[in-house]
Structure formats: structure tokens, C-alpha cells
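Laboratory data are not the source of any read-out in this text; all were calculated from the coordinates shown. Computed from a prediction, not measured in an experiment: that's the story for all the values here. Using ideal geometry, Cβ is built from the backbone for each residue, glycine included, and neighbour counts are taken over all protein chains shown.
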Amino acid sequence: MKKFGLALVLSVAPALLLAGADHILISEIVLQPSSSPTSHAEYVKLYNPTDNAVDLTNYYLTDATDTTNDKFYYRLPEGANFWSAGGSDFIARFPQGFSIAGKSEVIIATGTASAYQTYYGTEANLSIKGDFLQAISGQTTKGTAPYYLDNSKETLVLFYWDGSSSTVKDVDYTLWGDLSGAVDKSGVSGYVSETPVNQQKFMPTHVDGQKLQRISEEGSEPSSGGNGITGHDETGEDLSATWRVVSVGFTKPKLASISHTPTNPTTSDSIKFMADVTDDTTIVSVQLIYIIDHNQKTATMNLTTGNTYSVTLPPVSTPDTLYYIVRAEDITNLISTSNLDMVLITTPPEPLTIAKVRENWSEYLGTTVTLRGVVTIGKDILRTNQISGYFQDYTGKGLNLYESLNASITLDRGDSIEVTGGLEEYNGVYELTGWGSSLKTLATNVPISGIAEVLISDILADPSKWEGSLVLIKGEVVERADNIGGGSNVVIEDVSGRITVRIWNTTNALFNSLGILVNTHMDSL
């Protein structure tokens, strides 16, 4: 049998332990009462632990092992001596086209559907009597007794046969009471050696009002070199440890909606794990059991809201693959473990810079990007009816920040910000738009870095190279005209040429928005 989750003590290599179940499992068996049609409680429950539906057309179920007369299910391909032919035994095939959905259960009434419904008040998914097919067409392979499962000792096997191969494949193998019904195909043509009968383990039996229930993984069952549908030695499970007698009304905790965020974490991210856990009694613990950097660790998941339990792990220092399961236990000591999942933790990508965006403008134009930088021109400076500002990063390159007027947005010079928006171009100006709702102010009064000292001739030679950037020019004021269109035009000259610098009154750098001189020091220049 394949593991029904992950061992509770991860003491060997993760590759062996952290393997989710990949085939159908027998998860519950009720042996009694079965004394009459009105007190017929027998059923078998199957569970599909995989994510995908499994077609059961070529699956068979049998309790008809007869070790005394050498009649075994694996002889089905021979067409004879494959069942005991007893009235209270059966070997039967699932209905054509019947499938079991991923992460789902199927209840099989071993008698009739009506007998099951009379006893439990609900409908079974299938019944041996009414829905299962004879193992071989034209032969009767289902006994006539109203009940099948022996209360004291028997073997129940789920197996696969494609109808033409000379061998069958074990899917799940159970045994209770004693070893008298044990099967060992060692030495049989076409099969590899299995666990010797005297080394096999069996489940206990139960009384009325109880059932046998799988409580955890398949223990020490060999995971390779067997006759199982996934290569396991299905006879090697320690059934005495992986099954338990419980009240017929108790079920294991149910796990659903297991997830983590962020979906693609990096070494700079904390990772939050979440799972929905429900139970018919009381949940006593939910744990995240994980392996990172070859070390097994356990973290307690706490109830956060509704049925959701969560835990957040801190960032790891190096890229790695984190393997994990969720384990839930209820007050009756029933345990559920999820299938293995894993999270690939990568190195964070290099932050996108404004310089890279500008240098590859045709590639980025029209895309949405996230950028960080320091505000060089804030809100209500260039425009008062819209937000039009600038920011630049350590590369010394900047972008226009354009957004609809929004009173709740604060954007001041020296604010270190992170913004996400679309890249657009308007009259040669490179703009980031639609960023208002994403604005994160990381710090304030941050010195602006990457300010380049340039010659006027450099700007005149290639204005687009410096568009959006805060630069330093050293020269002399040779001309000045004030209060022209809401600002001043100042002509500066250095050794390489002249350039006009526009100083808007809204900046309060020279005049204010009323046209009143407010900076006498600059005026003296």
C-alpha cells in the first residue's frame, strides 16, 4: 500500500518519506452486525488520495481467499481456482465506467443497497449485490448469503486486472483476526517475492457499533519491488499499527483547501500555510510538518477564522525546496495527514530599475511594472488639477508619476516609495500611470541618490537621455524673466553653453503661486 500521507516521525530520507499516496486505499471496514436484513451494517469504504479521478472499470474486490484449497484471487487470469465459491464469499468487478473522484470516498455496501439504507438511513455509492459485476462473465462469483465479511477472521483485497494479462496487480490488501487468510505470492510465476505469511500483520476485529478504520500511513510497507499497482509490496503493511477500532460514528478529521502564499516565494518572503480542517468531534491539534535544508521541523497551525488553520514561516536564507504535509488529530486520537506537497523557494529577482525601463522603453511600453525610487518633484508642484510628479532611483534615472487627482495621496519630495502602474508615453515624456492605489511610502525625508553633474552641452546634445532625471548644473545666471505663465525662466550658462531652466511658482523655489517673491537668496543670484 502507498503511504496515506507522511510518516509522523520523518527519520529517513525525504525522498522515501515524503511520497503522497498514489493509488486507491481501503479506508474503513464494518464487519458487523450482519445477522438479518434489518441489521446489516457491513460496508467497505475506499478513498482516492490522489488529485485525479480513477476509473475503476478493471478493479476487483474479493474476500474469497481459500488457503486450504489453494484458491486465490491472483489466479483470476487462469479462469479457475480464483475464489472459494462459498456462499458468504465474493470476487466481483466494479461496474463499467465507474470512477472515484480525486480526494473522494466511495461507500460499498457488501449486501444490498436497501439493507444498507435501512440500517444507516443514507445511500451507499455501490452495493456488491446490486451493482458489482461477476468476476468472469457467465460465471457466478458472488455468494448467495445476505452478508459476506467474516466477523472473526478474513482477508479483503482490492486488485486490478486488465482482462488479458497473466498477472493481477494488488491495489490494497487487508487482513483481520489472524493470519489464516494471508496471501503470499512468492514463487508464483509472474510475481516477485512478498512478505512471508509468518511475518505479516493483521488488524483486530470489532463488536457491534464499531468499525475498522485506517488511521495513518501504511507504515513500514516496502515501497518498491512488490506486486502492487505502484510497485509496493502490499502484504508488507503493519496493519496492526495503521488500523484501529473506533466507534462507527467517528471519522477522521477532513483536510481541505491546503494552500500557501505567496504562490512563488523567494528567500525574502515569509510563507503562510493554510488548511481547512473539520471533524465530527473536536480537533485537538493541527500541525505543519516540513523539511527544509534536510532538517525536519514541526510548526503548530492555529485556528484563525471559521475552519481555517494557519501558520507563517519566516524567510529562509538560501534557495531551497520545502516539503510539507498537514497533520490533524481529533479528541478520539484519529489522525489525518495530507499528501505531500512542496514549495520551491527561489532567489529574488533583481529589482527592476528605472534605468532598465528607459533603456528598453519599446519593450516595457504598455506593460505594468513595480518600481521603487525617491520622489524628486511631489504633488501640486507641476500641476494642481492632476497629479504629475517625478521620482528616480539609485541609477540616476527618473519617471513622471501621472495620476488622476486624489486628495488621499500624499507625495512629497524625499518620500521613498514603491508603486505599480502602467508605462505610457505622452509628448516624449515617459510616464507611470494608474499607480495611486498601489502607492507604498517606505520612508520620508530620504536623500535623493544618483544625481548626475552634467554639462549643459550634454543635455542639449541628447535631451531625452536626461528627461525625468534630477541633475546638477553648475553655471551662471545670465538672464531671468519672472511670473511668465505661472513661473520664471532662468537662463544658465556654463563653459559648454546655455540652457533655460523653468522654475514654477508652485515650487515656492523663487516666487509662490501668488507671484510673490519668497526666496530672496535665489533672487540675489
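Values computed for the structure shown
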{"item": "Per-residue HN-Hα couplings for segment 151-156 [Karplus 6.51, -1.76, 1.60; θ = phi - 60°; Hz; x = Gly/Pro]", "result": "6, 10, 6, 4, 10, 10"}
{"item": "Net +/- balance of residues flanking Ser416 in space, Cβ distance below 12 Å, scoring K and R +1, D and E -1", "result": "-1"}
{"item": "Counted charge near Phe82, where neighbours are those whose Cβ lies closer than 14 Å (Asp, Glu -1; Lys, Arg +1)", "result": "0"}
{"item": "Part-to-part distance (alpha-carbon centres) for segment 277-344 and segment 448-516, which is given in Å", "result": "60 Å"}
{"item": "Straight-distance crosslink candidates among aspartates and glutamates, where the alpha carbon sits under 17 Å from Lys169 and sequence neighbours closer than 8 are dropped", "result": "Asp22, Asp55, Asp63, Glu78, Asp184, Glu194, Glu221, Asp233, Glu234, Glu237"}
{"item": "Sequence-distant residues sharing a close amide H with Met203 (under 5 Å, placed H)", "result": "Leu175, Trp176, Gly177"}
{"item": "Relative contact order for segment 354-449, counting Cα pairs under 8 Å that sit 6 or more residues apart, in percent", "result": "30 percent"}
{"item": "Integer Hz, Karplus 6.51/-1.76/1.60 couplings in order for segment 391-396, x for Gly and Pro", "result": "9, 9, 10, 5, 6, x"}
{"item": "Highest-first arrangement of 173-180, 184-191, 231-238, where packing means the average Cβ count within 10 Å", "result": "231-238, 173-180, 184-191"}
{"item": "Listed residues Thr376, Thr433, Thr353: farthest to the positive end of the dipole of segment 305-443 (Cβ charges)", "result": "Thr376"}
{"item": "The chain, relative contact order [Cα under 8 Å, separation at least 6], %", "result": "9 percent"}
{"item": "Sequence ranges 333-339, 474-480, 255-261, ranked by mean other-Cβ count within 10 angstrom, highest first", "result": "333-339, 255-261, 474-480"}
{"item": "Contact order relative to length of segment 453-524, as percent, for alpha carbon pairs under 8 angstrom and 6 or more apart", "result": "22 percent"}
{"item": "Dimensionless Rg ratio for the chain, taking C-alpha atoms and the 2.2 N^0.38 Å reference", "result": "1.56"}
{"item": "Electrostatic dipole magnitude of the chain [Cβ: Lys, Arg +1; Asp, Glu -1; Cα centre; debye, to 20]", "result": "460 debye"}
{"item": "Environment charge of Ala109, counting only residues whose C-beta is closer than 12 Å and scoring Lys/Arg +1, Asp/Glu -1", "result": "-1"}
{"item": "Added length on full extension, which subtracts the Cα-Cα distance from 0.36 nm per residue, Thr67 to Val284", "result": "73.8 nm"}
{"item": "Order by protection proxy (mean Cβ within 10 Å, highest first), peptides 494-507, 413-426, 388-401", "result": "388-401, 413-426, 494-507"}
